1. Six or more apart or on different chains, Cβ under 8 Å: which pairs go from a residue in segment 1-19 that's under 23 Å from Y46 (Cβ atoms) to one that's of a type outside the set (G, A, S) and outside any helix (DSSP H, G or I)? Could you list them?
2. Quick check on segment 54-67. Is at least one of its residues modelled with pLDDT under 85, loosely packed, with under 10 Cβ neighbours inside 10 Å and not in a helix (DSSP H, G or I)?
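The values are calculated or read from the model by the stated rules, or taken from the named source; none is laboratory data. All figures in this text were calculated on a predicted structure; none of them were measured in a lab. FYI the Cβ positions are ideal-geometry reconstructions off the backbone, even for glycines, and counts take in every protein chain you see. With ligands, DNA and RNA removed, areas are computed over all heavy atoms of the protein, side chains included. Shrake-Rupley method; radii C 1.70, N 1.55, O 1.52, S 1.80 Å.
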Amino acid sequence: ARLSPESRAEVEKNLELVHQAILDINEALADEPDNALLQAKLLMAYREELSVLRRVGGLTRNVMMRNDI
């Protein structure tokens, strides 16, 4: 809620892309559960999701800490 509408839309778009990748990889893993490449890609997708959330958390913390405005 502390982000600008443009930033919020961009974050939501990025998270939706990551969520769709996770769904697609999980679907592929259902057919090939022992596929190490798919497992690695799933782990990378989850890490990317966490990275986006951390960056957003950092952005909102910085907005809250500003006292020069």
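1. Every condition considered, the pairs that remain are V11/L3.
2. Checked against the condition, which is being modelled with pLDDT under 85, loosely packed, with under 10 Cβ neighbours inside 10 Å and not in a helix (DSSP H, G or I), segment 54-67 yields at least one hit.
This table checks each residue for (1) closer than 21 Å to R55 by Cβ; (2) open to solvent by 80 Å² or more (accessible area, probe 1.4 Å).
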| site | (1), (2) |
| --- | --- |
| P5 | yes, yes |
| R8 | yes, yes |
| V11 | yes, no |
| L15 | yes, no |
| A21 | yes, no |
| L29 | no, no |
| L37 | no, yes |
| A40 | no, no |
